[in-house]
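The values are calculated or read from the model by the stated rules, or taken from the named source; none is laboratory data. Nothing here was measured: the structure is a model prediction, and the numbers come from that model. Cβ placement follows ideal geometry from the backbone for every residue including glycine, while neighbour counts extend to all protein chains displayed.
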Amino acid sequence: MTTNVLSVKDMVVTFDEFIALDHVSVDVAQGESFGIVGESGSGKSTLLRAVAGLNTFSAGTLTINGQSYSGRSRSKDFYRTVQMVFQDPYGSLHPRQTVDRLLLEPLAIHGFDNVDQRIMRALDEVGLGSGFRFRYSHQLSGGQRQRVAIARALILEPKVLLLDEPTSALDASIQAEILNLLEQARKDRGLTFVMVSHDLGVISHMCERLAVMKSGKVVETVTADALESRAFSADYTRQLMTASEGFRRV
Amino acid sequence: MSGAVGTDKLLTVEDLRVSFPTRTGVIEAVRGVSFTLGRERLGIVGESGSGKSQTGRAIMGLTPKHAKITAKTLNFAGRDLLSISDRERREIRGKRIGMVLQDPKYSLNPVSTIGRQIIETLKTHEKISTAEAKARTLAMLEAVQIRDPERVFSLYPHEVSGGMGQRVMIAMMLICGPELLIADEPTSALDVTVQLEVLGILDKLVAERGMGLIFVSHDLRLVSSFCDRVLVMYAGRVVEELPSADLSKAQHPYTQGLLNCLPTIGTDRHPLPVLDRKKEWAL
């Protein structure tokens, strides 16, 4: 059996009376790409945020790389292992910092050496030349911003990347570029992905296994191959599947 | 209704141009768009910045004051939209041309109940009693498949879900029986499962009432499954026009690229083909 790099057991997240996550369990193996799909309010982003320590969780366990975590507190080590890319590239970059400054910060926090080289290499890897280094985020397009966000996540050489709808704010053609970039990075670095999206097409393209979520619960966990051959059981998965095939006149 | 359905021209657009003067020069958002529309469903597709929304807004008369609109012809049902007065514009807008916007969260009035907003539309354009307006509003809410129209009538927009809000928006736009409906990304802000429901309602109403529809969207597949004809826009121009059924036979590399770059279930393409933008497309 392969080792699980990320393991969530019976996680519960509540916001006052509202139960956002209701005993959710998910295991992600080392090197795997795991997808989470569901409609808005299904708890898919909450799960990711609870793993990253951006939300607290009230019950259940979270184990990453053999280390357990609770609540919102995360060690510095955690952020070396786990990094996150957010949905909105317009909101996730500091508006008054240059790209250089944005990439320098995580390096400084974690005490990396060779910062200059690392920044250059990170920009190179995401397909932005050194010409972008001293620009502000408002001088970049949506796709370029998302590349910077990915560079910022990869610069710490993490093992796990949490991706919260990384392409849903982008045009279809830019989406293809970003997905290719993420796949390449995963191949090169042997990363583990946990990717959240509402788009079944994107998830089945990027992930080997996926969890379908609805109202705070995991409805079912299937492999991407099973999705293709329609070997799933939940009614809700079928609904999502039909919806992803486009409009049909009845 | 006169003439055979689909042949009478509702809207004629010829060489439409929309430009915005800025400090750094003039930005031409729409650069010579031409098409005609009968009582049919026309899709306008393109990426952000392609001018698809500005085309729809120019027809509706919602372009900001400082922008410049020119066209050889911009004719709606025999009237020149560019030369009519603001008053005449207001008579057409809402009554004969309706527009559904992307996000009901921003396009509905937050401080007025749903019922009041719909009645306001009705009373602006027709001389009818409040009782009659209310009856028609409730009937319209029922037509967009809202189960409990009485209850929704007295709710505020923030009290309903996105899908419900968009249905309210559609009800508000269709209550005066417009001949043309412009839908600007009507389902992009909705969940995939809700999207189909809303599209189904829109489709049924457009067909029943014999309206012309302009469906503006970034989603080529969705548009082609919904519309009879598709215009593909790039950098302010129409690069290709084709019947939806012939989408797979698209000639322009941009259209082909847009179709190819979408990940779909059951196709294994790693890496995904990306769009190689050519300078000459934008000429």
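A few notes on this one:
- Residues satisfying the stated conditions in region A:29-59, i.e. surrounded by fewer than 22 Cβ atoms within 10 Å (Cβ to Cβ) and more than 30 Å from B:Ser188 (Cβ to Cβ): A:Ala29, A:Gln30, A:Gly31, A:Glu32, A:Gly53, A:Thr56, A:Ser58, A:Ala59
- When restricted to residues that are assigned to a loop (DSSP other than H, G, I, E, B) and away from every other protein chain (no Cβ under 14 Å), region A:100-139 contains 11.
- The conditions of being more than 14 Å from chain A (Cβ to nearest Cβ) and free of Cβ contacts under 8 Å to residues at least 40 places away in the same chain are not met by B:Arg96.
- Only a single item in (1) in the same structural domain as B:Leu10 (by TED's automatic domain parsing); (2) more than 30 Å from B:Gly51 (Cβ to Cβ); (3) among the polar types (S, T, N, Q) is not met by B:Thr187, and it is number (2).
- Checked against (1) within 19 Å of the chain's Cα centre (by Cα); (2) over 26 Å from B:Gln195 (Cβ atoms); (3) not acidic (Asp, Glu), B:Met99 passes all but a single condition, namely (2).
- Selection count, region A:58-68, where residues are more than 22 Å from A:Ala29 (Cβ to Cβ) and in a loop (DSSP other than H, G, I, E, B): 1
- Verdict on A:Val202 being surrounded by 22 or more Cβ atoms within 10 Å (Cβ to Cβ), more than 13 Å from every other protein chain (Cβ to nearest Cβ) and touching a residue at least 12 places away in the same chain (Cβ under 8 Å): no
- Taken as a whole, the structure places B:Leu213 among residues that are within 14 Å of chain A (Cβ to nearest Cβ), surrounded by 20 or more Cβ atoms within 10 Å (Cβ to Cβ) and touching a residue at least 60 places away in the same chain (Cβ under 8 Å).
- Condition met for B:Gly266 (assigned to a helix (DSSP H, G or I), facing chain A (nearest Cβ under 8 Å) and more than 19 Å from the chain's Cα centre (by Cα)): no
- Boolean, B:Pro186 is part of a loop (DSSP other than H, G, I, E, B), at pLDDT 90 or above and either on the phi > 0 side of the Ramachandran plot or surrounded by fewer than 23 Cβ atoms within 10 Å (Cβ to Cβ) (or both): no
- Neighbours by Cβ (under 9 Å, 6+ apart or cross-chain): first from region A:225-237, among the aromatic types (Phe, Trp, Tyr); second assigned to a helix (DSSP H, G or I): A:Phe232/A:Ala226; A:Phe232/A:Arg238; A:Phe232/A:Met241; A:Tyr236/B:Thr193
- Selection from region A:164-197 of residues that are out of contact with any Gly (no Cβ under 7 Å at 6 or more places or on another chain), at the interface with chain B (Cβ under 9 Å from one of its Cβ atoms) and of a type outside the set (D, E, K, R): A:Ala172, A:Gln175, A:Ala176, A:Leu179, A:Asn180, A:Gln184
- Evaluation of A:Leu191 against the conditions (1) surrounded by fewer than 15 Cβ atoms within 10 Å (Cβ to Cβ); (2) within 21 Å of the chain's Cα centre (by Cα) shows that the sole unmet condition is (1).
- The single residue among A:Gly71, A:Gly43 that is modelled with pLDDT under 95, over 22 Å from A:Gln184 (Cβ atoms) and within 19 Å of the chain's Cα centre (by Cα) turns out to be A:Gly43.
- Hey, B:Arg221 in contact (Cβ under 8 Å) with a residue 40 or more places away in the chain and within 14 Å of another protein chain (Cβ to nearest Cβ) or not: yes
- When residues of region A:208-250 are limited to those that are among the basic types (Lys, Arg) and surrounded by 15 or more Cβ atoms within 10 Å (Cβ to Cβ), the one farthest from A:Ser45 (Cα to Cα): A:Arg209
- Picking from residues in region B:223-245 that are hydrophobic (A, V, I, L, M, F, W, C) and crowded, with 21+ Cβ neighbours inside 10 Å, the one that is farthest from A:Val202 (Cα to Cα) is B:Val238.
- Scope region B:204-236; condition over 18 Å from A:Ser173 (Cβ atoms), in a helix (DSSP H, G or I) and not small (Gly, Ala, Ser); matching residues: B:Lys204, B:Leu205, B:Val206, B:Glu208, B:Arg209, B:Phe226
- Members of region A:209-250 that are among the charged types (D, E, K, R) and within 13 Å of chain B (Cβ to nearest Cβ): A:Lys214, A:Asp225, A:Glu228, A:Arg230, A:Asp235, A:Arg238, A:Glu245, A:Arg248, A:Arg249
- When the test is whether a residue is more than 14 Å from chain A (Cβ to nearest Cβ), assigned to a loop (DSSP other than H, G, I, E, B) and under 21 Å from the mean Cα position of the chain (by Cα), B:Pro178 passes it.
- The strands (runs of 3 or more DSSP E) falling completely within region A:1-42 that include 1 or more residues that are touching an Asp or Glu at 6+ places or on another chain (Cβ under 8 Å) and within 23 Å of A:Arg238 (Cβ to Cβ) map to A:18-29, A:33-37.
- Verdict on A:Ala211 being closer than 14 Å to A:Val26 by Cα and not in a loop (DSSP other than H, G, I, E, B): yes
- Candidate set: region B:237-261, residues that are assigned to a loop (DSSP other than H, G, I, E, B) and either more than 30 Å from A:Asp225 (Cβ to Cβ) or under 23 Å from the mean Cα position of the chain (by Cα) (or both); chosen: the one farthest from the other protein chains (Cβ to nearest Cβ): B:Gln251
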